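S.K.: Please read through the structure below; I'll follow up with questions.
Any read-out appearing in this document is the output of simple, stated calculations on the displayed coordinates, not a laboratory observation. Fair warning: this is a prediction, and the values are worked out from it, not measured in the lab. So basically every Cβ, Gly included, is an ideal-geometry build from the backbone, and we count neighbours across all protein chains shown.
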Amino acid sequence: MRRSLALALFVSAACFSVACAEVRAPQVTSVGEMAQLETPLPTPYDDHADADAALAATIARAKASGKRVLIDLGGNWCTDCRILAAVMELPELNPFIAKHYEVVVVDVGRMTRNLQIPARYGITKLIGVPTVLIVEPNGTLINATNSADLADARSMNPQGIANWLARWAKP
């Protein structure tokens, strides 16, 4: 009985330590509310960029670095997309993103352009933008059911966005 209790406690402690191995988000303290983000908000989406070439280059960097790929699908017309871009540029968050992800920004227009990129990962229709795909360097999409979580970025605070990004970072 004591052995089984000791074993159970050991296994529980081991499982707890594994669960605690998840990546913690940096504390984002420079802004309390979205209204305090840099203005004008960034416009990161280039509607003339070759999205396929940009993604291929990003995947190559991810394979070399061992990082995951963060594919940001959106458009400059979209306030939530621009808010996400501004939060990702915050001094507390930008180094965290650079440490854990290779990032590519893909302009999808009004969800009518470059749709071959999400289709490559089994997403045939965008629910909203920004849609953020987190992909292993081998091409495995790891957040298929959560890719549109940031489509309402304006209702999240910067720490909430940081926490979401940390959720998908490799430990």
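S.K.: Roughly how big is the range 84-171's charge dipole about its Cα centre, with Cβ charges of +1 (Lys, Arg) and -1 (Asp, Glu), in debye to the nearest 20? Mind showing how you got there, number by number?
M.R.: Values: 8 positive and 7 negative charges, 47 e Å.
Dipole magnitude for the range 84-171 comes out near 220 debye.
S.K.: Next question. Using the structure shown, list the pairs from 125/170; 67/170; 99/125; 63/99 with a Cα-Cα distance above 19 Å, or answer none.
M.R.: Violating the 19 Å limit, Cα to Cα: 125/170; 99/125.
S.K.: To continue, here is another question. Is the range 21-171 best put as rounded, prolate or oblate by its Cα gyration tensor, with a ≥ b ≥ c the root eigenvalues, rounded for a/c under 1.5, and otherwise prolate when a/b is larger than b/c, oblate when not?
M.R.: In terms of gyration-tensor shape, oblate.
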